[in-house]
Amino acid sequence: MAPWPEVEKPETNNYIGDSSKQNQNMAGKEGENHKGNVASLGNKGEIQPAFSTVALIDETRPEEDPWALPELQDTGVKWSELDRKGKIIRVLYGIGKFIMLLGLLYMFVCSLDILSSAFQLVGGKAAGDIFKDDSVLSNPVAGLVIGVLVTVMVQSSSTSSSIIVSMVSSTLLTVRAAIPIIMGANIGTSVTNTIVALMQAGDRNEFRRAFAGATIHDFFNWLAVFALLPIEVISGYLYHLTNVIVESFQLESGEDAPELLKVITDPFTKLIIELDKSVINAIATNDESAKNKSLVKIWCVTETNVTLQNVTAPSPDNCTSPDFCWTEGNVTWTLDNVTETKYISKCQHLFVNSDLPDLAIGLILLALSLLVLCSCLIAIVKLLNSVLKGQVASVIKKTINTDFPFPFTWLAGYLAMLAGAGMTFVVQSSSVFTSAITPLVGIGVISIERSYPLTLGANIGTTTTAILAALASPGSTLKYSLQIALCHFFFNISGIILFYPIPYTRLPIRMSKTLGNITAQYRWFAIFYLLLCFFLLPLFVFGLSLAGWAVLLGVCLPLFALFIAVVVINVMQKRRPHSLPEKLQNWDFLPTWMHSLEPWDNIIMSSLAFCGKHCCGFCKCCKVNAEQEGAKDNQLKSMEVYENTMAMADEERGGRRAPAVACVDKTGTNNTAL
């Protein structure tokens, strides 16, 4: 604390004396609480120490951990203080909230299903066309990005896997060439929960946790691909391992795999839209007649009859058998099986009688499903915030996030992995499960460290579902579909072995937290990340792969080497900066836009502000958010500055406020090159 300077003029003492009286009265009331902080005041003319604004601002305060789980305090009336009527009302409210939560979850899952159908209507035929180029599919890097793009387009790894199985069974693609595509499908399926995380961008800390919890899936998949794809290309270990397993069993076609969640959601989603997914498979297998067919299913109940009929043949060599071949004049006849399809009843969905093209229907469903998805997610988050308070929240947090006592601490993560696999097996979709836990991570019920094994378990659960579906395949495709499903399974197992058992190797946790911090500060970066990783980068690599191996390696290898060099230098700047040359100890020698997101943020925010003048609704939303954040900053500043009682007296008298000596720079920058 800095003392006031001594003053010789008595008239100045009069002013200070009045303030000293005020301080003396305050010290008399709160002297016991402030011993050692406020000195007892003497006579009228004495100048006593005052609280220094500079000292309060410069005082080192413990920084709050943004990743710490928030305490959801119960602000309502305690249960013990309620009368019988109040307890009954609270119980009824709880039951009503639980039913509402189930209804919102149901609509949330249905909207994900319709979103997948919308993506297939918009890009399903294009996805089928991508698979037609055999020369590109033989390139493992091109196969990887094709798997990413197709899965993003159809929003379903099971759909892309079924396309691959159809191509392998029709000898258009080998199993070994299909493995990189399966790896890409594993990456593409994680885009759904990343989109879901964008809906929590309203609160900065919630968005930080939710986006990190969603992208932890992305980082695991990308790291597993970077590590295992070169090994698979060189050794083919996944192909040989699964081939030995498939050949060692006497496989027979079984019953259909159980569809637990579809039984609940299909009655509603089939009233909205039904798709004929065989059209995409037909396009991928070079069936030209399928290009003019619509993906919208018209007839739901059909009957197929196969009859032996007399048909004409171009020549006797084309007869099915010499015994069933005869000639009448210039016409050759033979007996052949003819398939006839009878259309019995139409489907009952909204677009069964529509004349709109597939693209228009897909865009309509895309907009509606995103609207329902956002609304359900916002309502689920608010409902969970109102329910998960007090003892309920503490019990759930302890149950999910608490580790076992030593030496069984490691066991909790593997149990969480089993729980994630089991829940994914029940809902039969890793996208649904990871999208459901994303808001729970955002509001602080599940920690990032616990969401990681849950996500890994979801990867395992979706592969077990694929294995069951493969076992129900027809005899002609049973072997190939099972081998591809096993490749998917062992790929995820290999990734878990690399990036989970040793805590130091759990890189996706640290990477997702870093990205969460960046997106919490620059929220537009989340959309940029989504577009870059799932659209622009795969399209860029796919375009280079069309030009051949030479162009692909000539462009990608230098860029990849530059990326690795930047990562290594960033790590050394944080860990051992003195080992680097003086110029490389920071990135200040580069232009600001190359090592900081601040200039880009200024450009984007100014562009949005300009657009906001022409979009009233957007302008109002931005204004409200800016006012709320400004109010928080002003509140913090007032808490820092007005602790000085002398300054408070000046403020009351309308005097000039003392300028702040120390300024806290609240504008953070991201000091990462490129």
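Going through region 544-561 one residue at a time, which ones are aliphatic (A, V, I, L, M), without any contact (Cβ under 8 Å) to a residue 40 or more places away in the chain and open to solvent by 70 Å² or more (accessible area, probe 1.4 Å)? Show your work before the answer.
Of the residues in region 544-561, the ones aliphatic (A, V, I, L, M) are 544, 546-547, 550-553, 555, 557, 559, 561.
If we keep only those that are without any contact (Cβ under 8 Å) to a residue 40 or more places away in the chain as well, we get 544, 547, 550-551, 553, 555, 557, 559, 561.
Of everything in region 544-561, those that are aliphatic (A, V, I, L, M), without any contact (Cβ under 8 Å) to a residue 40 or more places away in the chain and open to solvent by 70 Å² or more (accessible area, probe 1.4 Å) turn out to be 550, 553, 557, 559.
What are the pairs with Cβ atoms under 7 angstrom where one residue, in region 96-115, is acidic (Asp, Glu) and the other, located anywhere, is surrounded by 14 or more Cβ atoms within 10 Å (Cβ to Cβ)? Sequence gap at least six, or different chains.
So the pair list comes out as 113/265; 113/269.
For region 330-356, which residues satisfy the criterion of being free of Cβ contacts under 8 Å to residues at least 12 places away in the same chain and within 21 Å of residue 292 (Cβ to Cβ)? Outline the logic, then answer.
Pass one, region 330-356, residues free of Cβ contacts under 8 Å to residues at least 12 places away in the same chain: 330, 353, 355-356.
Of everything in region 330-356, those that are free of Cβ contacts under 8 Å to residues at least 12 places away in the same chain and within 21 Å of residue 292 (Cβ to Cβ) turn out to be 353, 355, 356.
Name the one entry in 497, 502, 493 that is open to solvent by 20 Å² or more (accessible area, probe 1.4 Å), more than 23 Å from the chain's Cα centre (by Cα) and farther than 26 Å from residue 603 by Cα. Full working, then the answer.
On the way: 497 fails: more than 23 Å from the chain's Cα centre (by Cα); 493 fails: more than 23 Å from the chain's Cα centre (by Cα).
On inspection, the qualifying residue turns out to be 502.
Are any residues in region 446-462 open to solvent by 10 Å² or more (accessible area, probe 1.4 Å) and among the small types (Gly, Ala, Ser), and if so, which ones?
447
Find all pairs meeting these conditions: Cβ atoms under 7 angstrom apart; at least six residues apart or on different chains; first residue within region 433-448 and in the same structural domain as residue 110 (by the TED database) and in a helix (DSSP H, G or I); second residue of a type in the set (Lys, Arg) and surrounded by fewer than 23 Cβ atoms within 10 Å (Cβ to Cβ).
Listed pairs, sorted by first residue: 448/513.
Could you tell me which of the residues 276, 266, 287 is surrounded by 14 or more Cβ atoms within 10 Å (Cβ to Cβ), free of Cβ contacts under 8 Å to residues at least 12 places away in the same chain and under 29 Å from the mean Cα position of the chain (by Cα)?
Numbers: 276 fails: free of Cβ contacts under 8 Å to residues at least 12 places away in the same chain; 287 fails: under 29 Å from the mean Cα position of the chain (by Cα).
Of 276, 266, 287, the one residue that is surrounded by 14 or more Cβ atoms within 10 Å (Cβ to Cβ), free of Cβ contacts under 8 Å to residues at least 12 places away in the same chain and under 29 Å from the mean Cα position of the chain (by Cα) is 266.
For residues that are closer than 16 Å to residue 386 by Cβ and at pLDDT below 85, tally how many sit in region 102-123. Let's see the steps before the verdict.
Start the filter on region 102-123 by keeping residues that are closer than 16 Å to residue 386 by Cβ, which leaves 102-105.
So of that shortlist, the ones also at pLDDT below 85 come out as 105.
Residues that pass the stated criteria total 1.
Of the numbered conditions (1) open to solvent by 60 Å² or more (accessible area, probe 1.4 Å); (2) under 17 Å from residue 184 (Cβ atoms); (3) of a type in the set (A, V, I, L, M, F, W, C); (4) in contact (Cβ under 8 Å) with a residue 40 or more places away in the chain, residue 541 satisfies every one except a single condition; which is it?
(1)
Within region 140-162, identify whether any single residue is in the same structural domain as residue 464 (by the TED database), modelled with pLDDT under 85 and outside any helix (DSSP H, G or I), and answer yes or no.
Yes.
Do we find a residue being surrounded by fewer than 12 Cβ atoms within 10 Å (Cβ to Cβ), of a type in the set (A, V, I, L, M) and on the phi < 0 side of the Ramachandran plot anywhere in region 313-324?
Among the residues of region 313-324, not one is surrounded by fewer than 12 Cβ atoms within 10 Å (Cβ to Cβ), of a type in the set (A, V, I, L, M) and on the phi < 0 side of the Ramachandran plot, which makes the answer no.
With the requirement that a residue be touching a helix residue (DSSP H, G or I) at 6+ places or on another chain (Cβ under 6 Å), part of a helix (DSSP H, G or I) and either of a type in the set (S, T, N, Q) or farther than 30 Å from residue 435 by Cβ (or both), what does region 322-375 give you?
If the condition is that a residue be touching a helix residue (DSSP H, G or I) at 6+ places or on another chain (Cβ under 6 Å), part of a helix (DSSP H, G or I) and either of a type in the set (S, T, N, Q) or farther than 30 Å from residue 435 by Cβ (or both), then 369 is the only one that fits.
Output the residues belonging to region 422-463 that are at pLDDT 85 or above and among the aromatic types (Phe, Trp, Tyr).
Once the filter is applied, which keeps residues that are at pLDDT 85 or above and among the aromatic types (Phe, Trp, Tyr), region 422-463 yields only 452.
Could you count how many residues in region 146-158 are touching a residue at least 40 places away in the same chain (Cβ under 8 Å) and open to solvent by 10 Å² or more (accessible area, probe 1.4 Å)?
Residues flagged as touching a residue at least 40 places away in the same chain (Cβ under 8 Å) and open to solvent by 10 Å² or more (accessible area, probe 1.4 Å) within region 146-158 amount to 5.
Quick grid of which residues meet (1) open to solvent by 50 Å² or more (accessible area, probe 1.4 Å); (2) modelled with pLDDT under 80:
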{"site": "577", "(1), (2)": "no, no"}
{"site": "589", "(1), (2)": "yes, no"}
{"site": "594", "(1), (2)": "no, no"}
{"site": "602", "(1), (2)": "yes, no"}
{"site": "607", "(1), (2)": "yes, no"}
{"site": "610", "(1), (2)": "yes, yes"}
{"site": "614", "(1), (2)": "yes, yes"}
{"site": "618", "(1), (2)": "yes, yes"}
{"site": "622", "(1), (2)": "yes, yes"}
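The values are calculated or read from the model by the stated rules, or taken from the named source; none is laboratory data. Nothing here was measured: the structure is a model prediction, and the numbers come from that model. Don't worry about glycine lacking a Cβ; one is built from the backbone with ideal geometry, like all the others, and counts go over all protein chains shown. Areas reflect the complete protein model, heavy atoms only, side chains present, ligands, DNA and RNA absent. Shrake-Rupley method; radii C 1.70, N 1.55, O 1.52, S 1.80 Å.
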